[in-house]
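Here's the structure, in structure tokens; my notes come after.
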Amino acid sequence: MIEVRDLSKRYGATVAVDGLSFDVLPGAVTGFLGPNGAGKSTTMRMLLGLDAPDAGQALIGGRCYRELAWPLREVGALLEARAFHPGRSARAHLEALAAASAIPRSRVSEVLGLVGLDGVAGRRAGGLSLGMGQRLGIAAALLGDPGVLLLDEPVNGLDPEGIRWMRALLRSLAAEGRVVLVSSHLIGEMALTAERLVVIARGRLLAETSVAELSAGAASLEEAFLELTADDVEFRGLPADNPERRVR
Amino acid sequence: MTTTTITMPGRYRFADAARMEWVKLRSLRSTWWTLAVTIAAAAGIAVAVGVNTEDAAGDLTNNLLAGISVGLLLTGTLGVLTATSEHTSGTIRSTLAAIPNRPLVLAAKAAVFGAVALATGEAAAFVSFLAGRLALPAGIPGPALGQPGVLRAVVLGGAGYCLIGLLGLGFGAVVRHTALAVGLLVGGVYVVAMLGAPLAPAVMPWLPISVVANSLTVEQPGMAIGDVRFLSPWAGLGVLVLYAAVALGAGAWVLAERDA
């Protein structure tokens, strides 16, 4: 399970995460929601030990990431579409990660097939489309068959078929008893994929609940989400009927 | 999904990190291009020097190995890129997710890149020495590897590529920005030498480029220009090892302390 305890992080004068605490349990897809700049990606980077917290703890199975014996076999992560070198092939990228984790090469072909990249695995990864790059990131996350998955905006750039595939994949991973934390700003997508929700804004926890519970009192999950985060949106466009909005 | 059951005792070690770095280094075409050009450039310059040699006076071995000073920039830049391209492409996040022990990552990178740069450097030094000797005009006896100091000059010349490459790797790990790190390397290796010579001749023996050109690759140790006496070959090697170690140590510290 994932345990985030009183986690804080600031970058210069900007407070990105501010005393955040929540748990993510196995067996259900947990959606990690929040407006732009809420601190979702920062929290995920701290879970992976990429950024050091200023205070608090981000634990996976009771340990911080740096203490894991074989990290990729315990935690699979998709942080952003491009965490690979454009000049290296998709296969070589995965082979490097497999080599670091004593994962057999046959597993590389297996995950390439699983995400549907076998046809382009030998090409320079820089030539992959956004969606294919995303699939490569998913392949890397699944490489070590980990019990914990952390996916930051996994459906970014995927086509409708890919989005449907991702939805089924996430649900089946959770059904196998894994911990699955998925950040997204696409509320409609989360309504279809997630069972549990962690909603944050301005680096603080707004709700730790289920999809059913949050959407109960509102017309839709989107309405409930907008109501919940109404006071915490930092970046807001002008409404459609505002005269300032007109382009002159 | 298919579940592959992988049970492995213990935890990741240096060897696992080194295997990853080797796969990463060999899977970029630019690695092989740069190394091939390094060897070709040294050989080309040696042939040009050989053809234009007019008499057997002076340190012919040192003259034939002149191409090394130019080629250092290639392994140095490859060293920089080996570190910085991870940051500019985002690969560093994949790397550190696999091996969270950051000093271990840099140590593995230095070992793997250093070994490849050493093999390439030795190839460049030997190929250029032999090619340059063949290009000498008839009547000028070329130096032989069995003569005193010749083999040492060639072998240490090859090591120079590796050490400047590791210096570049350290700079890249410290500043994470390709252009800036290459600038530091060119500045530190070449420009300082050009400015330093007229301004402060006393520092000349300690500058990387002059260590390679006037200490590592000489037949007769203790070459001097005017009042300036250059370091002996082994002292020169020690100084370059020290420079590379300091740069890599700083790189490991920055990598461990800063967010990725």
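The values are calculated or read from the model by the stated rules, or taken from the named source; none is laboratory data. Remember, it's a predicted structure, so these values are computed and weren't measured experimentally. Cβ: placed from backbone, ideal geometry, glycine included. Neighbour counts: every protein chain shown.
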If you scan segment B:41-92, which residues turn out to be in contact with a helix residue (DSSP H, G or I) (Cβ under 9 Å, 6 or more places away or on another chain), among the acidic types (Asp, Glu) and surrounded by fewer than 23 Cβ atoms within 10 Å (Cβ to Cβ)? B:Asp59
Which is under 21 Å from A:Glu161 (Cα atoms), more than 9 Å from every other protein chain (Cβ to nearest Cβ) and within 15 Å of the chain's Cα centre (by Cα), of A:Gly119, A:Gly31? A:Gly31
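Residues that are in a helix (DSSP H, G or I) and surrounded by 15 or more Cβ atoms within 10 Å (Cβ to Cβ): does segment B:137-144 have at least one?
The first filter runs over segment B:137-144 and keeps only residues in a helix (DSSP H, G or I), leaving none.
No, every residue in segment B:137-144 fails to be in a helix (DSSP H, G or I) and surrounded by 15 or more Cβ atoms within 10 Å (Cβ to Cβ).
Out of everything in segment B:93-127 that is among the β-branched types (Val, Ile, Thr) and part of a helix (DSSP H, G or I), what residue ends up being surrounded by the fewest Cβ atoms within 10 Å (Cβ to Cβ)?
B:Val127
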When you scan segment A:43-50, do you find a residue that is free of Cβ contacts under 8 Å to residues at least 40 places away in the same chain, closer than 15 Å to B:Ile92 by Cβ, at the interface with chain B (Cβ under 7 Å from one of its Cβ atoms) and surrounded by fewer than 21 Cβ atoms within 10 Å (Cβ to Cβ), even just one? yes
Looking at A:Arg107, A:Arg82, A:Arg66, which one is of a type in the set (D, E, K, R), without any contact (Cβ under 8 Å) to a residue 60 or more places away in the chain, within 7 Å of chain B (Cβ to nearest Cβ) and surrounded by fewer than 19 Cβ atoms within 10 Å (Cβ to Cβ)? A:Arg66
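Has segment B:54-63 got any residue that is assigned to a helix (DSSP H, G or I) and more than 22 Å from the chain's Cα centre (by Cα)?
Filtering segment B:54-63 down to residues assigned to a helix (DSSP H, G or I) leaves B:60-63.
From the residues that got through so far, the ones that are more than 22 Å from the chain's Cα centre (by Cα) too are B:60.
Yes - at least one qualifying residue is present in segment B:54-63.
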Out of (1) modelled with pLDDT of 95 or more; (2) within 21 Å of A:Asp232 (Cα to Cα), the one A:Val211 does not meet is (1)
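Answer yes or no as to whether A:Ala102 is facing chain B (nearest Cβ under 7 Å), in a helix (DSSP H, G or I) and free of Cβ contacts under 8 Å to residues at least 40 places away in the same chain. First the steps, then the outcome.
Values: facing chain B (nearest Cβ under 7 Å): yes; in a helix (DSSP H, G or I): no; free of Cβ contacts under 8 Å to residues at least 40 places away in the same chain: yes.
In short, no.
Would you check which residues across segment A:153-182 are among the charged types (D, E, K, R) and either surrounded by 13 or more Cβ atoms within 10 Å (Cβ to Cβ) or within 14 Å of chain B (Cβ to nearest Cβ) (or both) and list them?
Within segment A:153-182, the subset among the charged types (D, E, K, R) is A:153, A:159, A:161, A:164, A:167, A:171, A:176, A:178.
Listed by number, the residues that qualify are A:Glu153, A:Arg164, A:Arg167, A:Arg171, A:Glu176, A:Arg178.
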